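Peer 1: The structure's right below; bear with me while I get my questions together.
The values are calculated or read from the model by the stated rules, or taken from the named source; none is laboratory data. Worth saying up front: this structure is predicted, and the values here are computed from it rather than measured. When we count neighbours, we look across all protein chains shown, and the Cβ atoms used for this are built from the backbone with ideal geometry, even at glycine. Accessible surface areas use protein heavy atoms only, side chains included; no ligands, DNA or RNA. Shrake-Rupley method; radii C 1.70, N 1.55, O 1.52, S 1.80 Å.
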Amino acid sequence: MTDALKIAIVGYKFMGKAHSNAYHKAGRFFELPIELVLQTACGRHRDGLAEFANRWGWRETATSWREVVARDDIDIVDISSPTDTHREIAIAAAEAGKHILCEKPMSLSAADALSMCAAVKRAGVTHAIGHNYRRVPAIRLAKQMIEDGKLGELYHWRGTYLQDWIVDPNFPLTWHLQQERAGYGPHGDLNSHSVDLARYLVGEIKSVQCTLTQFIDQRPLPDEEREAAFAAAVGQGTGHVTVDDASFMVVEFDNGALGSFEASRFATGRKNYNYFEIYGSKGSLCFNLERLNELQFFSREDPPTAQGFKTILVTESSHPYIANWWPPGHSIGYEHTFIHQVVDFVRCIQGATEMEPNFFDGLRTMEVLDAAALSSREGRRVDVPRAEV
Ligand code: SOE
């Protein structure tokens, strides 16, 4: 066994930064059995890439991910590029025997996700999907409480994931708003997180009814140079938005629970409002990412006179991941979720145990999203298929 894992990252924007920070911090705050080497940063635009690599301590840069993924000295391929690139990179990386951490949403469609699953299964590599919110300590605690029976039988999932960053009609037509590059709008970007959490905490989703909608169908073309080629292809001035702007779903879970999901980029004033409630026969839980150190808990087992939602401050060393951070009450933040993700991913690689959420989880999520989109197009409830890998 080697004493270092060399990483190649594809993509260097928001997630490139979150992941790079996590690779640096993981072995400092947690006991990792192996050193992580930030070896190669890949991207299409030399200047931005060089600046990113310098700032975040990547040893070298490359503009061809294909060459990098095929190299013998790379152990981990981190896919932090736009969604339309995930399938090709993941399959090539799996075929080259690399462990893979792929950002969400996993792919443009469940069909693509299935081919990615087949590739990692054949290769026997460790694979992960970047649903980092599973690694918020308060959400891990929620999982433990549900498994310990504190909520009893589960009746409801009520999830909302609301943002407002494209409310301005002059916000440009970036790749996130193009179906061929992003797959979906908030239905994929945000609901993929919520569906992953609902599967994690409540269980598998068996049927879905959904309405996807669009509020603004034309937007100014982006003027950044990096988007120039794309702009030239679609014409001058403005272009069509080809993804949803909001998605509302109602689902039935295998265990009989009923769930609702709201995802929107038009919830004016909401920045990253990832909020959910779970109601059960014995108790309930509420979580809000904007207050991520807290978990709200109501228990019917409390004496009637003392019943009410209470706030658990999830900063005790007995809480998941917290023992490696600060003393009680010293909060953690968004970036810590990515650090926890790296720690668990590397431990899975070393221990050859299965990472969660992995590509098979990503496939299940994509199946729910695709079934929901079909439901919206056809105006009917749709059963969610479960492909065998
Ligand atoms: C933008 O909508 C975004 O950055 C998502 O892509 C992330 O997954 C989410 O965590 C925050 O919002």
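Peer 1: How far apart, in nanometres, would the label points at E301 and A118 be if each is projected 7 angstrom from Cα along the Cα-to-Cβ direction?
Peer 2: Going by the 7 Å Cα→Cβ label model, 4.7 nm.
Peer 1: Mind listing which chymotrypsin sites (Phe, Trp or Tyr not before Pro) in the stretch 142-177 are in a DSSP loop and have 14 or fewer other Cβ atoms within 10 Å?
Peer 2: Answer by residue number: W165.
Peer 1: Here is a follow-up. Among T213, G159, V382, whose Cα projects farthest towards the positive end of the dipole of the chain, with charges put on the beta-carbon of Lys, Arg (+1) and Asp, Glu (-1)?
Peer 2: G159
Peer 1: Find the accessible area per residue for the stretch 4-133; the probe is 1.4 Å, ligands and nucleic acids are left out, and the unit is Å².
Peer 2: On a per-residue basis, the stretch 4-133 sits at 41 Å².
Peer 1: Taking the Cα centre as origin and putting +1 on Lys and Arg beta-carbons and -1 on Asp and Glu beta-carbons, what dipole magnitude results for the stretch 37-91, to the nearest 20 debye?
Peer 2: Computed charge dipole of the stretch 37-91: roughly 120 debye.
Peer 1: Separation between the N170 and Q350 pseudo-spin-labels, each 7 Å from Cα along Cα→Cβ, expressed in nm?
Peer 2: Calculated label separation equals 5.2 nm.
Peer 1: Let me ask something additional. Which one, I34, F287, N272, is farthest towards the positive end of the dipole of the chain when Lys and Arg carry +1 and Asp and Glu -1 on their Cβ?
Peer 2: F287
Peer 1: Taking the Cα centre as origin and putting +1 on Lys and Arg beta-carbons and -1 on Asp and Glu beta-carbons, what dipole magnitude results for the stretch 4-133, to the nearest 20 debye? Walk me through the numbers on the way to the answer.
Peer 2: Values: 16 positive and 15 negative charges, 41 e Å.
Result for the stretch 4-133 is approximately 200 debye, rounded to the nearest 20.
Peer 1: What does the helix-only formula give at 222 nm for the chain: each DSSP H stretch with n ≥ 4 adding -39500 (n - 2.57), the total divided by the residues, and the result rounded to the nearest 500 deg cm²/dmol?
Peer 2: Mean residue ellipticity at 222 nm (helix-derived): -10000 deg cm²/dmol.
Peer 1: Also, quick follow-up: With r as the distance between the Cβ atoms of K206 and T63 and R0 = 56 Å, compute the FRET efficiency 1/(1 + (r/R0)^6) and round to 0.05.
Peer 2: Values: r = 45 Å, r/R0 = 0.80.
That pair, T63 with K206, gives E of 0.80.
Peer 1: Mind checking Rg over Rh on the chain, alpha carbons, Kirkwood formula for Rh?
Peer 2: My calculation of the ratio gives 0.96.
Peer 1: Another question about this same structure. How much of the accessible area of the stretch 4-133, in percent, comes from carbon and sulfur atoms when a 1.4 Å probe is used? Could the numbers behind the result be given before it?
Peer 2: Values: 2480 of 5350 Å².
Of all accessible area on the stretch 4-133, carbon and sulfur atoms account for 46 percent.
Peer 1: Using the Cα centre as the reference, give the magnitude of the dipole from point charges on the C-beta atoms of the chain (Lys, Arg: +1; Asp, Glu: -1; all else neutral), rounded to the nearest 20 debye.
Peer 2: 360 debye
Peer 1: Further question: The stretch 1-54: D in µm²/s via Stokes-Einstein (Kirkwood Rh, Cα pairs, 4 °C, 1.567 mPa s)?
Peer 2: 108 µm²/s
Peer 1: Which entries of K13/K98; K98/K206; K121/K206; K282/K310 have Cα-Cα distances beyond 26 Å here?
Peer 2: Exceeds cut-off: K98/K206.
Peer 1: Lys and Arg at +1, Asp and Glu at -1: add these up for the other residues within a Cβ distance under 14 Å of H340 and post the number. Could you put the intermediate results ahead of the total?
Peer 2: Numbers: positive: K25, R28, R134, R135, R140, K143, R347; negative: E31, E335, D344, E356.
Neighbourhood net charge equals +3.
Peer 1: Related question: Could you point to the residue in M355, I76, W326 farthest towards the positive end of the chain's charge dipole, with +1 and -1 charges on the Cβ of Lys/Arg and Asp/Glu respectively?
Peer 2: Farthest towards the positive pole: W326.
Peer 1: Same structure again: Any chance you could get the radius of gyration and Dmax over the Cα atoms of the stretch 19-168, in Å?
Peer 2: 18.3, 55
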